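**Q** Before we start, here is the structure in question, set down as structure tokens.
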């Protein structure tokens, strides 16, 4: 299969297409099929033969023509206009909303749609805003609230590793992440290294979970006395990306590969976790029901007239 990778915007997420018979080089503009028609994208990775079994890759629509580029430029202008109008009307209504991105669907269609992605600390009543946006833009309007991960994916940026956000280049993970994933990597990176720029757990925690789990299963714990080719020392940290541990010896701290380390004395205070004893299977005591009250019987005085008028 011949596959090429494209990006819909600069430094955006990679999308893989079936190249078919299309010949394109890095930097060329090609057409990408979507549910709303073809859009223009830039080739990041030229066509190459790969041994993939994926059968549902979209087929590249060929090289973009001059009219396709003009239509894409007009669509970008519409996005900027939608964003400017949305920011002005949101400020006029005084709503706690922040516009993150916009999109214009349907170029010459009379039933065009303006999509506005926004973030807000809570749910917002924007019924009056939608009416003003529709009258000003003369299109249908769709307001979509997105979370912190989607905001980071649309805005883009560089993570603490020096590379672009995983959510920009790859598909973001679904929350919540398992507790074991964060526990294994917290021991190696510290709790402050687990949060990304969006304030949530980093997406790479899920991608690297297997590597950290395998490392934690065979690596000596911090504080263990180990023997290395340069002598004995104490483990002061873990370096999972290079499959090594940091060993503190008399000459200083240096990294030693995991296959060159032998545990002499395990770290103190790290005993195997014992399972919690099971509680006896005692049936729960029945909850007593309060006694049903009875209305007190009050004898009517026959000397007084009956208020119902029956005697």
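**Q** Checking the structure you have, find out if any residue of region 168-179 is out of contact with any strand residue (DSSP E or B) (no Cβ under 6 Å at 6 or more places or on another chain), within 15 Å of residue 7 (Cβ to Cβ), in a helix (DSSP H, G or I) and modelled with pLDDT of 80 or more.
**A** Within region 168-179 (the criterion being out of contact with any strand residue (DSSP E or B) (no Cβ under 6 Å at 6 or more places or on another chain), within 15 Å of residue 7 (Cβ to Cβ), in a helix (DSSP H, G or I) and modelled with pLDDT of 80 or more), the answer is no, since none of the residues qualifies.
**Q** What tally of residues in region 230-241 results from selecting those that are under 30 Å from residue 207 (Cβ atoms) and either modelled with pLDDT of 85 or more or part of a strand (DSSP E or B) (or both)?
**A** Residues that pass the stated criteria total 5.
**Q** Out of curiosity, is residue 22 farther than 23 Å from residue 106 by Cβ and more than 26 Å from the chain's Cα centre (by Cα)?
**A** Criteria met by residue 22.
**Q** Which members of region 113-137 meet the condition of being out of contact with any helix residue (DSSP H, G or I) (no Cβ under 7 Å at 6 or more places or on another chain), closer than 24 Å to residue 71 by Cβ and crowded, with 16+ Cβ neighbours inside 10 Å?
**A** 115 - this is the single residue of region 113-137 that is out of contact with any helix residue (DSSP H, G or I) (no Cβ under 7 Å at 6 or more places or on another chain), closer than 24 Å to residue 71 by Cβ and crowded, with 16+ Cβ neighbours inside 10 Å.
**Q** Can you find even one residue in region 206-229 that is under 27 Å from residue 7 (Cα atoms) and modelled with pLDDT of 80 or more?
**A** Within region 206-229, not a single residue is under 27 Å from residue 7 (Cα atoms) and modelled with pLDDT of 80 or more.
The values are calculated or read from the model by the stated rules, or taken from the named source; none is laboratory data. This is a predicted model, so every value here is computed, not measured. Cβ sites come from the backbone with ideal geometry, for glycine too, and all protein chains shown count toward neighbours.
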